[in-house]
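> Dumping the structure here so I can ask a few things about it.
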Amino acid sequence: MAISTTGKIVIFVATIAVVGANYEVGVGIADMTGPCVEINFVVKNLQELYGNIYSLRNVIVTGTHTHSGPGGHLVDFLLDISILGFSKQTYDAYVAGITRSIIRAHENIVPARLFFGETRVWNVHKNRSPYSYDYNPLEERERYDTNTDNTLTQVRIVKEDGSIHGVLNWFPIHATSMNMSNRLISSDNLGYAALRLERELNPASLTGKPEIVAGFFSSNHGDVSPNTGDARCEFSGELCDNQFLLCKARERCFASGPGEDMFESTEIIGTGIYKAALECAQDNVTYKYKQEVLHSAGTELRGELAVIHQFIDMPEEVVAKYDPVARRFDLNEPVKGCMAAMGYSFASGTIDGANILNITQGTLTGIPVLDAIVGLVMGPTEEDVKCHAPKPILLATGRANFPVPWHPRIVSATLIWLGGFVVAGLPGEPTTMAGRRVKDVVSNVMRQHGLQPRVQVSGLTNEYIHYISTFEEYQVQRYEAASTIYGPHTLEIFLNKFAEFISVAIKGGDVDPGPEPEDHRSNTISFVSPVVLDATPIGRHFGAVLEQPPSKVRVGDVVSATFVAANPRNDIRQESSHAVVERLDGSQWRTVATDADWETK
């Protein structure tokens with residue numbers, strides 16, 4: 001799944017099968033936008049249409065990531081409470097959109113070839129927790145020349161006639177260029193990059209309805225910010241980091257930039273990523289679509305396909321500890337996961353979305369009064385406290401089950417083997433070094449089998465478990481570590497799994513499916529009120545124009561019009577639009593923009 005336009009939220013799907021020397025690939029796109037006001041099961045549908053072609057083990061949902069989309073769809077209580085609980089309308093809208101996109105991809109399968117490429121993107125992000133990053137071993141850090149991954153990885157899907165069928169891109173960046181004051185649905189910087197690339201490849205298509213689809217997926221972005229300016233106190237303008245440099249009481253610490261406002265920042269960052277994707281490789285192989293050109297890497301992917309998927313009971317998992325310097329697992333030192341819990345610094349926020357609570361990042365000691373109050377609802381056990389140390393537990397969410405579990409206990413991990421290219425799907429937001437360790441572990445196994453490593457991490461895959469930090473970063477307890485909910489060895493559980501998964505993918509076979517998670521949708525509660533009344537002002541009707549646009553405008557002018565509008569929750573208008581801009585060409589009105597376009601607000 002990729003959220004790939006800036007007004008609508010849409011889906012990108014690639015469904016791939018190996019046939020002879022080539023592959024058969026379908027791509028699809030669909031609008032999945034949910035209710036856009038008052039609201040802060042896919043596989044079953046597919047099996048009704050296609051039998052057992054699609055299952056929980058091979059349908060992989062991975063997100064671009066945005067903080068500006070309708071919420072209330074995640075079921076687990078803590079993940080929905082910020083928008084007043086579960087929203088069936090949002091959930092149904094997302095399921096409908098995802099299903100529709102997969103159907104379109106399935107019906108669009110054609111013979112194709114796959115090409116792999118990488119490039120580096122500069123000046124579009126920074127590490128927002130460098131203090132944590134520097135706690136990783138020096139020898140490990142010296143393997144890399146930056147404290148963020150700035151590699152954009154791309155797989156191009158090319159039809160038999162040489163035209164582009166679809167483009168998959170991975171890049172690690174938080175989609176938080178649109179800041180806390182935003183009140184519009186937006187897929188943020190990666191969505192803008194997708195919009196620009198799809199425009200380039202589909203000059204005659206409306207936004208969100210391209211023939212050639214471009215997906216942009218999150219990678220190891222957990223500690224990566226697009227807000228490249230210094231973090232400053234919002235009133236005094238003093239430098240801050242909410243750990244050592246603090247703002248005055250009730251004054252937030254946050255970063256912004258590089259633009260003058262969030263819209264300009266989104267456009268600048270998105271443009272940088274888009275240009276890198278367009279120019280990903282510069283060799284002698286070039287594929288053309290109409291008059292547009294997309295350079296392709298000369299590395300063609302060939303060979304078998306495999307999807308390795310497993311459900312994992314995180315608190316029960318016991319694995320070998322990983323040594324990132326020696327690059328090996330110590331079978332004589334077992335470590336385990338914990339019951340889910342959030343640390344104090346989770347409440348501190350980050351420089352991308354700071355808050356005004358008197359809790360700083362790097363908090364290693366709890367507040368007794370607060371512990372006592374929270375403990376009445378979900379107190380941690382002595383085992384929890386010991387397991388999560390040095391994290392001071394603020395919310396023992398693994399112990400809270402009313403009205404539904406506050407956090408998942410069983411989560412999934414996925415590895416996709418695509419003709420020698422590996423995608424490691426993690427259900428949360430891995431930090432830069434956490435992602436590097438995943439790639440390192442998988443790469444080492446590939447080398448042992450005489451294979452050239454090509455590995456990418458795909459975060460936010462299938463579900464959401466907050467963050468995944470390294471063991472060393474966990475000791476500092478900044479926001480990302482405090483939000484690593486299964487304890488200090490969360491990453492090591494996934495490292496062990498991916499080492500197993502890649503071996504199985506190379507040798508053939510499968511892994512145990514693991515314990516299937518429970519379905520709690522029927523037990524959710526919601527405090528979201530229905531649309532009680534939707535009426536027009538006296539003497540007006542729906543659609544009446546209150547403010548007409550000017551009769552003449554110049555290029556670059558901002559044009560506005562005001563209508564009597566209905567509550568958008570009454571009709572979320574998937575595959576349609578809440579607003580359309582038309583141009584009169586002769587005697588015909590032609591649509592030139594919809595609410596999916598960057599230029600409309």
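The values are calculated or read from the model by the stated rules, or taken from the named source; none is laboratory data. What you see is a predicted model; the values in this text were computed from it and never measured. In this analysis, Cβ positions are derived from the backbone assuming ideal geometry, glycine residues included, and neighbour counts consider all displayed protein chains. Accessible surface is based on the protein model in full, side chains and every heavy atom, while ligands, DNA and RNA are left aside. Shrake-Rupley method; radii C 1.70, N 1.55, O 1.52, S 1.80 Å.
> Rank by packing, highest mean first: peptides 386-392, 446-452, with packing defined as the count of other Cβ atoms within 10 Å averaged across residues.
386-392, 446-452
> Could you state the accessible area per residue of segment 290-437 in Å², with a 1.4 Å probe and every protein chain left in place?
40
> If you find the alpha carbon centre of segment 40-59 and of segment 93-121, how far apart are they in angstrom?
Rounded to whole Å, the Cα centres lie 15 Å apart.
> For segment 242-253, what does the Karplus curve 6.51 cos²θ - 1.76 cosθ + 1.60, with θ = phi - 60°, yield as ³J(HN,Hα) per residue in whole Hz, taken in order and with x for Gly and Pro?
Coupling constants for segment 242-253: 6, 9, 10, 10, 9, 8, 5, 4, 6, 10, 7, 10 Hz.
> Roughly how many percent of the accessible protein surface of the chain is carbon and sulfur, given a 1.4 Å probe and a whole-percent answer?
Roughly 52 percent of what the probe reaches on the chain is carbon or sulfur.
> Now for a different question. When all protein chains stay in place, what accessible area (Å², nearest 10, 1.4 Å probe) is found for TRP170?
Its accessible surface works out to 20 Å², give or take rounding.
> Find, to one decimal place in angstroms, the Kirkwood hydrodynamic radius of segment 379-473, where the mean of 1/r is taken over every pair of different Cα atoms and then inverted.
Here the Kirkwood hydrodynamic radius works out to 15.4 Å.
> I've got another one for you. Run the Debye formula on the Cα coordinates of segment 174-241, all scatterers equal and no solvent, and tell me log10 I(q)/I(0) at q = 0.20, 0.25, 0.26, 0.29 1/Å.
Evaluating at q = 0.20, 0.25, 0.26, 0.29 Å⁻¹ gives log10 I(q)/I(0) of -0.92, -1.13, -1.16, -1.23.
> Of all GluC sites (Glu not before Pro) in segment 505-579, which ones are in loop regions per DSSP and have a Cβ with at most 13 other Cβ atoms within 10 Å?
GLU518
> While we're looking at this one, here's another question. Among (i) 43.9; (ii) 31.5; (iii) 29.8, only one was calculated for this model; which label is it, if the read-out is mean projected area of the Cα convex hull in nm²?
Among (i) 43.9; (ii) 31.5; (iii) 29.8, the one derived from this structure is (iii).
> Straight-line reach from LYS275: which lysines have a Cα under 28 Å away, not including same-chain ones fewer than 8 places off?
Cross-link targets: LYS8, LYS126, LYS159, LYS209, LYS288, LYS290, LYS439, LYS601.
> Which shape class, rounded, prolate or oblate, goes with segment 294-343 when its Cα gyration tensor gives a ≥ b ≥ c as root eigenvalues, a/c under 1.5 marks rounded, and past that a/b bigger than b/c marks prolate?
Prolate is the answer for segment 294-343, as a/c is 1.5 or above and a/b outweighs b/c.
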